[in-house]
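FYI, it's all coordinate maths here, none of it is from the lab. Quick caveat: nothing in here was measured; it's all calculated off a predicted structure. Virtual Cβ from ideal backbone geometry, glycine too; neighbours counted across all protein chains shown.
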Amino acid sequence: MRMISKTQLRMALSALNMQSADLAELTGLHKNTIWKANKGKASKQTYAVIELVFREKGVLFGVSDDGREWVAVEVEEDAE
């Protein structure tokens, strides 16, 4: 399975209207570790933890056939 990229990490943060500090709190990772991930300098394990948290929040990650990375957020419909 492909690991998320630093670009997808940033897109997911933006899509969820989150800051790096919010992600650090949710993942239990230190803010400096999140900073490294934003720069593309984190370990595979770090990206795996971050991706898991984003997926729990409904974030989907992918790459199109032409190589463009994308992020989408599943939205729950309100039960009325």
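At-a-glance table
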read-out: Matching residues in segment 40-59 - criterion: being over 15 Å from Thr7 (Cβ atoms), surrounded by fewer than 15 Cβ atoms within 10 Å (Cβ to Cβ) and either in contact with a Lys or Arg (Cβ under 9 Å, 6 or more places away or on another chain) or not charged (D, E, K, R) (or both); value: Ser43, Gln45, Ala48, Leu52, Gly58
read-out: Among (1) more than 30 Å from Glu77 (Cβ to Cβ); (2) surrounded by fewer than 14 Cβ atoms within 10 Å (Cβ to Cβ), the one test that Ala37 misses; value: (2)
read-out: Segment 1-16, subset among the basic types (Lys, Arg) and within 9 Å of the chain's Cα centre (by Cα), residue farthest from Thr46 (Cα to Cα); value: Arg10
